[in-house]
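Student: Below is one structure. I have some questions about it.
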Amino acid sequence: MPEKRHFHEELNKLKNQLLVMSSMVEANIRKSIRSLEERDPKLAEEVFTDDKKIDLIEVEIDEGCVKLMALDQPVAVDLRMILGVLKINNDLERMGDHAVNIAERSIRLAESPLPKRLVDIPRMASMVQGMLRDVLDGFIQQDPGKARSVCERDDVVDELDDRFIRVLLTYMMEDPRVIKQAIDLIMISKNLYRIGDLATNIAEDVVFIYQAKSIKHHLDQAVQ
């Protein structure tokens, strides 16, 4: 059917746009952390510029999804796919905003010495970037198992965030002069933590799209 073919062609375009957006978000996370490690405000400025492009793609995907729903009135798996694309689109844009937040803190931290060596922050950043890559691979490859593995890795990111904050709180109690820098580092850690949570949200959406099953709040285990 020509109508069905047109629907899937347009849907594939939206999925490809999501991949482009995802790669831009991942690049911005990487740049924001590099700007912190290298004390380079110019890298942070690139994050701000690229985030505006991410926002434009988000609007285009939203409009494309609304148009498909209005004209084609999809049902079942097609409807779940469009709703999933909408939600993934929103979560990717929010990840981009967190990268901007990190870049803003990085600019401030470039002006003063750091109270702690940057070990946990780059490790967390690497982990959430990997989660983002894998969850989008799971989406494109129709692999909910890969998406579920992302949910499991989020616990490690949470543990790193907790440990990092405890250490910085100790530093602040021992030397009040580092409070300002420590708070900025804590907020960077929290932004990475939230990026991990958003990757988990996407993973849950991928499972719902392909298995019509909600794993949010462990609902799939509760009904077993």
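Student: Among the residues that make up the stretch 40-56, is at least one of them touching a residue at least 60 places away in the same chain (Cβ under 8 Å) and out of contact with any Ser or Thr (no Cβ under 9 Å at 6 or more places or on another chain)? Steps first, please.
Tutor: Going residue by residue through the stretch 40-56, those that are touching a residue at least 60 places away in the same chain (Cβ under 8 Å) are 40-41, 43-44.
Okay, now just the ones that are also out of contact with any Ser or Thr (no Cβ under 9 Å at 6 or more places or on another chain), so none.
The answer is no, given that none of the residues of the stretch 40-56 is touching a residue at least 60 places away in the same chain (Cβ under 8 Å) and out of contact with any Ser or Thr (no Cβ under 9 Å at 6 or more places or on another chain).
Student: Same structure again: May I ask you to list the residues in the stretch 147-166 that are of a type in the set (D, E, K, R) and either without any contact (Cβ under 8 Å) to a residue 24 or more places away in the chain or within 30 Å of Q181 (Cβ to Cβ) (or both)?
Tutor: Quick first cut of the stretch 147-166, residues of a type in the set (D, E, K, R) only: 148, 152-155, 158-159, 161-163, 166.
Answer for the stretch 147-166, where residues must be of a type in the set (D, E, K, R) and either without any contact (Cβ under 8 Å) to a residue 24 or more places away in the chain or within 30 Å of Q181 (Cβ to Cβ) (or both): E152, R153, D154, D155, D158, E159, D161, D162, R163, R166.
Student: G84 - would you say it is touching a residue at least 12 places away in the same chain (Cβ under 8 Å), surrounded by 15 or more Cβ atoms within 10 Å (Cβ to Cβ) and closer than 20 Å to L198 by Cα? Spell out the reasoning first.
Tutor: On the way: touching a residue at least 12 places away in the same chain (Cβ under 8 Å): yes; surrounded by 15 or more Cβ atoms within 10 Å (Cβ to Cβ): yes; closer than 20 Å to L198 by Cα: yes.
In short, yes.
Student: Next question. Restricting the search to the stretch 118-133, which residues are part of a helix (DSSP H, G or I), surrounded by fewer than 19 Cβ atoms within 10 Å (Cβ to Cβ) and not basic (K, R)?
Tutor: From the stretch 118-133, those part of a helix (DSSP H, G or I) are 120-133; that's our starting set.
Narrowing the set further to residues that are surrounded by fewer than 19 Cβ atoms within 10 Å (Cβ to Cβ) leaves 122-123, 126, 130, 133.
Of everything in the stretch 118-133, those that are part of a helix (DSSP H, G or I), surrounded by fewer than 19 Cβ atoms within 10 Å (Cβ to Cβ) and not basic (K, R) turn out to be P122, S126, G130.
Student: Sticking with this one: Please note which helices (runs of 4 or more DSSP H) are completely contained in the stretch 142-224 and include at least 3 residues that are closer than 19 Å to S112 by Cα. So that I can check it myself, show each step before the final result.
Tutor: Details: elements: 144-174, 179-211, 219-222.
The helices (runs of 4 or more DSSP H) meeting that bar are 144-174, 179-211.
Student: Okay, moving on. Among what's in the stretch 54-73 and is closer than 21 Å to I202 by Cα and not aliphatic (A, V, I, L, M), pick the residue that is surrounded by the most Cβ atoms within 10 Å (Cβ to Cβ).
Tutor: Taking the candidates together, the pick is C65.
Student: Also, quick follow-up: Identify, by number, the condition in (1) modelled with pLDDT of 90 or more; (2) buried (at least 18 other Cβ atoms within 10 Å of the Cβ); (3) outside any helix (DSSP H, G or I) that P115 doesn't meet.
Tutor: P115 satisfies every listed condition except (1).
Student: Could you please find all residues in the stretch 68-81 being without any contact (Cβ under 8 Å) to a residue 12 or more places away in the chain and part of a loop (DSSP other than H, G, I, E, B)?
Tutor: Taking the stretch 68-81 as the starting set, the residues that turn out to be without any contact (Cβ under 8 Å) to a residue 12 or more places away in the chain are 70-71, 73, 75-76, 79.
Matches in the stretch 68-81: Q73, V75.
Student: Is one or more of the residues making up the stretch 98-111 under 23 Å from the mean Cα position of the chain (by Cα), more than 30 Å from Q181 (Cα to Cα) and among the charged types (D, E, K, R)?
Tutor: Looking for residues that are under 23 Å from the mean Cα position of the chain (by Cα), more than 30 Å from Q181 (Cα to Cα) and among the charged types (D, E, K, R), one finds none in the stretch 98-111, hence no.
The values are calculated or read from the model by the stated rules, or taken from the named source; none is laboratory data. A quick note: this is a predicted structure, and the numbers were derived from the prediction, not measured. Neighbour counts are summed over all protein chains in view; Cβ atoms, including those assigned to glycine, are modelled from backbone coordinates with ideal geometry.
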